[in-house]
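This report concerns only the one structure given below.
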């Protein structure tokens, strides 16, 4: 069972979520502040971070940025619906997914599993290493390099890239990507996709010019290539 | 559509204030100019004509008296005498006629004048018989458009210094009054030529007066329009102390009062909304903790270690916590609409696919649901909100109506405005009672008064309505003739706008 670090300032939510997840067999460590959470991160070595955005002192977005500077730990934000602005900021800071509070433990667990799940290989007979222009994607080792330099991709970014690259030049609607990459419903928040595409482009595309690898088809969605 | 605002440009209206003021000014100017001209004309005309006819009558009488007439009258000699008199016509030449018994003589070509009227003849004869009017009589006649002065002068014998006897000879003088007529016409022309510029000049003060009245009126209208469009801080500059200034002052005071009242109302409303929003926010945090442990409660209630009452209580708390979470979530959603904080995250989607996903996610895939979903319909929608709309309507139809429920998708091209996407949700229940129809979208409205609580929060249809409105659409509830409720959602199908 995955090890989950929960950073949440409200004691009842912290205790409730910790209790609910522990009952489902997760190894949960809870922290009340961002600072305490960063300390616990080093010693607890979790598989996933559940991060409340509204924290006293160092807020969730800052915690998210700090974590991303060092690692590609899966991060799920806990947010209140309606705090739309926070959601966007959190996604831009590198969070992989978000959960709207209040949420039942089965919902939280489903999100955790989805973020941690490795993508299917998408069929056999595919070479383990694919080369697209300057990008080299190693599906077995789950690494991506650009011009020989390894890229640090967050889990959602890596899954999105693998999904798009598995079918080059095929257009995926944002709803389809939500279902396949995030395992959300068709009707979930498409900003997840847009934010993740923006982050991914920041890492794999050339800084100037229009995107080559992840292209937008206005009104339809995204596709990989053509190069 | 609400009443469209009229353009602010002043327009010329058929019988507007400006037209009426101008007409009134012109009427006054025309009446005064006309009256003055008419009086002047009459006096001057009379003076002119009287001078002419007095001169003529006096001169004719003098000529007749100076001339001796040998009686009985002979035509030959008479004509010479008449021509003699005719030469001395004053102020204009005249033609002289003489009538004596059956003898008709004139100085002109015709022995009898066509201008002399029977009345003149009669009065001359009468005067001749009685001798009552030896000074003669005259008459102005217009024949064929030419004015004439006709003078009748009976000749008399002087029997004594005080009495005369008529001789029976009557002399007539006929004189054209063309010159006088010309003079009178000139007067008329002068009157007209004076009146028309007068009227034109009267237009200037009329326009000035109209402007001075109309400008405040126009300002007032513009200000009222501004107020109507919601700019309640509109005020009019008050100038002068006339009635229009009073009106402007009253307008300003009313506007200030209105602004104050509206501000107070808005503040009260905002406070109420903020309160509802704050309450739901505050409820959400404890709920997040409670909802996270309902599973623990449920498992505990299933264990044999608890006594029956405790287990029932635990299950109750767990179930109600779930309902409370839904209610709070719906309250939050509705307060976001109230605060206009609800955002439309629109995306172009395949509508049939979206509806199928909505039904599939809720396991409404059995024969309770029938679908008529044409493929290939794309629309710009907020997928999450559209999901809420369809799920609420279908859930509502299953709960309060009856299976089977039909979900029908169609598009309709409108003559005006964009094409619309129409989604009908039709159930097979008894329908909605007519008295409930107007309230069906009200918050916490219960169509069945006996049922105090339903599975939903009571906000489902209100949230549905708000979500549809956020898409710029409309929703109608009604009943089919054969029974069963129909909810029709219409959303503009502006895919072209999304692509641009």
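A short reminder: the numbers here are calculations on the coordinates, not readings from a lab. Note that this is a predicted model, so its numbers are computed, not measured. Using ideal geometry, Cβ is built from the backbone for each residue, glycine included, and neighbour counts are taken over all protein chains shown.
The stretch B:335-360 and the stretch A:37-83 have their alpha-carbon centroids 29 Å apart.
The angle between the Cα long axis of helix B:383-400 and the main principal axis of chain B comes to about 80°, on a 0 to 90 degree scale. With labels modelled as points extended 7 Å from the Cα through the Cβ direction, what inter-label distance (nm, one decimal) is found for residue A:147 paired with residue B:442? For the pair residue A:147/residue B:442, the computed spacing is 6.9 nm. Per-residue mean of foreign Cβ neighbours for A:101-108 is 6 (Cβ atoms of other chains, 10 Å radius).
When a/c reaches 1.5 or more, the comparison of a/b and b/c decides; with that in mind, is the protein assembly as shown rounded, prolate or oblate per its Cα gyration tensor? Prolate, since a/c reaches 1.5 and a/b exceeds b/c.
In this simple spin-label approximation, residue A:130 and residue A:72 carry label points 7 Å from Cα along the Cα→Cβ vector, and these lie 1.6 nm apart.
Per-residue mean of foreign Cβ neighbours for A:181-187 is 5 (Cβ atoms of other chains, 10 Å radius).
Mean projection of the Cα convex hull over all viewing directions, computed for the stretch B:244-338: 8.1 nm². Report, to the nearest 10°, how far helix B:118-130 tilts away from the longest principal axis of the Cα atoms in chain B, using its own Cα long axis and a range of 0 to 90°. Helix B:118-130 sits roughly 40 degrees off the main axis of chain B.
For residue B:252 and residue B:319, compute 0.36 nm times the residue count separating them, minus their Cα-Cα distance, and round to one decimal in nm. Spell out each step's value before the answer.
On the way: separation 67, 0.36 × 67 = 24.12 nm, distance 5.87 nm.
Length difference between fully extended and current span is 18.3 nm.
Measuring from a point 7 Å past the Cα of residue A:12 along Cα-to-C-beta, which residues in the stretch A:96-114 have an amide N at less than 13 Å? Output list for this probe position: A:102. Rg/Rh for the stretch B:347-499 stands at 0.96; both radii use Cα atoms, and Rh follows the Kirkwood definition.
Across the stretch A:3-116, the convex hull enclosing all Cα atoms gives 87 Å³ per residue. The antiparallel fraction among DSSP beta bridges confined to the protein assembly as shown stands at about 75%.
Give me the number: length gained by fully extending residue B:117 to residue B:83, i.e. 0.36 nm times residue separation minus the C-alpha to C-alpha distance, one decimal in nm. Could you put the intermediate results ahead of the total?
Working: separation 34, 0.36 × 34 = 12.24 nm, distance 2.20 nm.
This chain segment gains 10.0 nm when fully extended.
Peptide B:278-291 has a mean shielding of 5, counted as Cβ atoms of other protein chains within 10 Å of each residue's Cβ.
Using only alpha carbon pairs under 8 Å that are at least six residues apart, calculate the relative contact order of the stretch A:129-213 and give it in whole percent. It would help to have the intermediate numbers written out before the result.
On the way: 80 pairs, mean separation 17.2, N = 85.
Worked out over the stretch A:129-213, it gives 20 percent.
Per-residue ellipticity at 222 nm from helix content only, as computed over chain B with -39500 (n - 2.57) for each DSSP H run of at least four residues, stands at -18500 deg cm²/dmol.
Taking the C-alpha atoms only, the angle from helix B:308-338 to the longest principal axis of chain B is near 30 degrees. In deg cm²/dmol and to the nearest 500, what is the mean residue ellipticity at 222 nm of chain A if only DSSP H runs of at least 4 residues count, each as -39500 (n - 2.57), divided by the residue total? Helix-only estimate at 222 nm: -12000 deg cm²/dmol.
At 0.36 nm per residue, and after removing the present C-alpha to C-alpha distance, how many nm does the segment from residue B:261 to residue B:103 gain when stretched out fully? Don't skip to the answer; put the middle values down first.
Numbers: separation 158, 0.36 × 158 = 56.88 nm, distance 10.59 nm.
Extra length from residue B:261 to residue B:103 when fully extended: 46.3 nm.
Global size of chain B: 52.7, 170 Å for Rg and Dmax (C-alpha atoms, Rg to one decimal, Dmax whole).
Per-residue counts of other Cβ atoms within 10 Å, averaged by peptide: what ranking do you get for A:147-160, B:256-269, highest first?
Numbers: A:147-160: 18.0, B:256-269: 11.2.
The most tightly packed comes first, giving A:147-160, B:256-269.
If R₀ is 41 angstrom, what is the calculated FRET efficiency for the pair residue B:416 and residue B:144, using the beta carbon separation as r and rounding to 0.05? After rounding, the FRET efficiency stands at 0.05. Could you list the residues of the stretch B:233-251 with an amide nitrogen less than 20 Å from a label point located 7 Å from the Cα of residue B:208 in the Cα-to-C-beta direction? Only B:239-245 pass the distance filter.
I need the fraction of alpha carbon pairs in chain A separated by more than 22 Å, rounded to a whole percent.
Details: 13144 of 25651 pairs.
Of all Cα-Cα distances in chain A, 51 percent exceed 22 Å.
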